[in-house]
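*Asks:* Can you keep this structure in mind? I'll have questions shortly.
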Amino acid sequence: MIRQLVRRFKWAYSLYNIFHRDQLLHNVTKYRRLGLSKYYFSPVSSKDFKQVDASLKRDRNPDLDKIKSSEFYQRADEQTKRSLEKFEENGFAIINGFLNEPQVEAINREIDELFQKKLIEKGGGGKIMFAIHQSELLRKTGTEKSLIELLSLLMDGNAILFQSINFLHGSEQHSHSDSIHMTTYPLGGLLGLWIALEDIHADNGPLHYYPGSHKLPYYLNEDYGNEGNFLLLGKKDYDEYEDFIRQRIETLGLKKEILCIPKGTMMIWHANLFHGGELHLDKSKTRKSVVFHYFDESSICYHEITQRPALLRTGLNHH
């Protein structure tokens, strides 16, 4: 009980943030520009931005003509081009053959080697977090110049690689929007990217998603009664957020699609697209994949549930 209360105490996170000044100091000028009185280590949530002057707010308006003229689009196959053209409408794009088979095998081999050397390890849910800090191949894949250009155009900002998550098995995660975990101001300054590192079938835990769901409101702490107060975070468990999203999906009659694709295929999705993982039915099979998350460099980036600013590593996006 006491441990749960301590975990809800906002300033416990702020104490942690004090020791990560270099990764948070960039937010201070952004806070000041918006008229927010915050230190680099201060708690931050969507509630803070309600007071921002309307004249300082910015809409995101991806330019389709610029997307079509980008290097990435120009060298894509026709099916991929059509998918990119419908990104604003659908909230996702499927990229065929992003990696070829030798590239996929090289990444899998490097991840295996790093794991054997104990330079990376599996965390909760079997996830390998931030392997980009150890794997040069992953880092180069996620920061390839034409990919960053495309992602920047899709989010109408300046995309920087923030996080990687490697999976050996299907996540089986319930439907959610990434914006509850990795939030931005202005909203929408986040993109997710998922690459199949082996063939994905119905029995090894494919992704699912709801086309067009990104156009719904961003459901944040206040929407499911989890805002908390000046001292404490909200007391609701994450399960209650997932129940809230499930109810919205049922009420709105959203249609689910399931992503079964060959290795090397990539999916890019909007910050607010509802998505998750199907059941991994055949436990004898792996489902190797990697997720990259990208923030817009000019946005304030934070974690809505824990109300703490995101730690951004400098130098990760240059090689």
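The values are calculated or read from the model by the stated rules, or taken from the named source; none is laboratory data. Note that this is a predicted model, so its numbers are computed, not measured. Reconstructed Cβ throughout: ideal geometry from the backbone, glycine too, with neighbour counts over all protein chains shown.
*Asks:* Would you tally the residues in segment 61-86 being at pLDDT 95 or above and farther than 16 Å from Met266 by Cα?
*Replies:* Restricting attention to segment 61-86, the residues satisfying the condition of being at pLDDT 95 or above are 62-86.
So of that shortlist, the ones also farther than 16 Å from Met266 by Cα come out as 62-71, 74.
Number of matching residues: 11.
*Asks:* Moving on. Please identify the pairs in which a residue from segment 49-61 that is farther than 13 Å from Tyr31 by Cα has its Cβ atom under 6 Å from the Cβ atom of a residue that is surrounded by 12 or more Cβ atoms within 10 Å (Cβ to Cβ), counting only partners at least 6 apart or on another chain.
*Replies:* Here the result reads Arg58/Pro186; Arg60/Asp156; Arg60/Gly188; Asn61/Asp156, each pair linking segment 49-61 to a residue that is surrounded by 12 or more Cβ atoms within 10 Å (Cβ to Cβ).
*Asks:* Does Ser171 satisfy the condition of being in a helix (DSSP H, G or I), touching a residue at least 60 places away in the same chain (Cβ under 8 Å) and of a type outside the set (A, V, I, L, M, F, W, C)? Break it down stepwise before answering.
*Replies:* On the way: in a helix (DSSP H, G or I): no; touching a residue at least 60 places away in the same chain (Cβ under 8 Å): yes; of a type outside the set (A, V, I, L, M, F, W, C): yes.
Taking the combined requirement at face value, the residue does not satisfy it.
*Asks:* Return the residue satisfying two criteria in turn: it lies in segment 31-52 and is polar (S, T, N, Q) and under 15 Å from Trp11 (Cβ atoms), and of such residues it is nearest to the chain's Cα centre (by Cα). Before the answer, list the steps.
*Replies:* First pass over segment 31-52, keeping only residues polar (S, T, N, Q): 37, 42, 45-46, 51.
If we keep only those that are under 15 Å from Trp11 (Cβ atoms) as well, we get 42, 45.
Numbers: Ser42: 22, Ser45: 17 Å.
So, considering only residues that are polar (S, T, N, Q) and under 15 Å from Trp11 (Cβ atoms), the one nearest to the chain's Cα centre (by Cα) is Ser45.
*Asks:* Kindly provide the set of residues from segment 16-30 that are under 22 Å from the mean Cα position of the chain (by Cα) and among the basic types (Lys, Arg), ordered by number.
*Replies:* Listed by number, the list holds a single entry, Lys30.
*Asks:* Considering only segment 36-83, state which residues are of a type in the set (Val, Ile, Thr) and outside any helix (DSSP H, G or I).
*Replies:* Taking segment 36-83 first, the residues of a type in the set (Val, Ile, Thr) are 44, 52, 67, 80.
Those that are of a type in the set (Val, Ile, Thr) and outside any helix (DSSP H, G or I): Val44, Val52.
Rundown of residues vs (1) exposed (fewer than 12 other Cβ atoms within 10 Å of the Cβ); (2) among the small types (Gly, Ala, Ser); (3) more than 26 Å from Glu172 (Cα to Cα), yes/no style:
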residue	(1), (2), (3)
Leu36	no, no, yes
Tyr73	no, no, yes
Glu101	yes, no, no
Phe115	no, no, no
Gly142	no, yes, no
Ser146	no, yes, yes
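*Asks:* Run Gly264 past the list (1) among the small types (Gly, Ala, Ser); (2) within 16 Å of the chain's Cα centre (by Cα); (3) within 24 Å of Leu150 (Cα to Cα) and report the number of the one that doesn't hold.
*Replies:* Among (1) among the small types (Gly, Ala, Ser); (2) within 16 Å of the chain's Cα centre (by Cα); (3) within 24 Å of Leu150 (Cα to Cα), the lone unmet condition for Gly264 is (2).
*Asks:* Now for a separate question. Could you tell me whether segment 249-256 includes any residue that is over 13 Å from Ile305 (Cβ atoms), exposed (fewer than 13 other Cβ atoms within 10 Å of the Cβ), among the charged types (D, E, K, R) and modelled with pLDDT of 95 or more?
*Replies:* yes
*Asks:* Being of a type in the set (Val, Ile, Thr), in contact (Cβ under 8 Å) with a residue 40 or more places away in the chain, closer than 25 Å to Phe167 by Cα and touching a Pro at 6+ places or on another chain (Cβ under 8 Å) is the requirement here; does Ile200 meet it?
*Replies:* On the way: of a type in the set (Val, Ile, Thr): yes; in contact (Cβ under 8 Å) with a residue 40 or more places away in the chain: yes; closer than 25 Å to Phe167 by Cα: yes; touching a Pro at 6+ places or on another chain (Cβ under 8 Å): yes.
Criteria met by Ile200.
*Asks:* Do the conditions hold for Glu113, that is, is it without any contact (Cβ under 8 Å) to a residue 24 or more places away in the chain, part of a helix (DSSP H, G or I) and not hydrophobic (A, V, I, L, M, F, W, C)?
*Replies:* Here the answer is yes, as Glu113 does meet what is asked.
*Asks:* From the list Tyr224, Tyr210, Tyr219, which one is surrounded by 21 or more Cβ atoms within 10 Å (Cβ to Cβ) and either out of contact with any strand residue (DSSP E or B) (no Cβ under 6 Å at 6 or more places or on another chain) or under 13 Å from Phe274 (Cα atoms) (or both)?
*Replies:* Residue meeting the stated conditions: Tyr210.
*Asks:* In addition: Restricting attention to segment 136-151, which residues are touching an Asp or Glu at 6+ places or on another chain (Cβ under 9 Å) and either without any contact (Cβ under 8 Å) to a residue 40 or more places away in the chain or of a type outside the set (S, T, N, Q) (or both)?
*Replies:* Step one: filter segment 136-151 for residues touching an Asp or Glu at 6+ places or on another chain (Cβ under 9 Å), giving 136-138, 145-146, 149-150.
Result: Glu136, Leu137, Leu138, Lys145, Glu149, Leu150.
*Asks:* A further question on this structure: Quick check, is Ser179 touching a strand residue (DSSP E or B) at 6+ places or on another chain (Cβ under 8 Å) and surrounded by fewer than 20 Cβ atoms within 10 Å (Cβ to Cβ)? Walk me through it before giving the result.
*Replies:* On the way: touching a strand residue (DSSP E or B) at 6+ places or on another chain (Cβ under 8 Å): yes; surrounded by fewer than 20 Cβ atoms within 10 Å (Cβ to Cβ): no.
The answer is no for Ser179.
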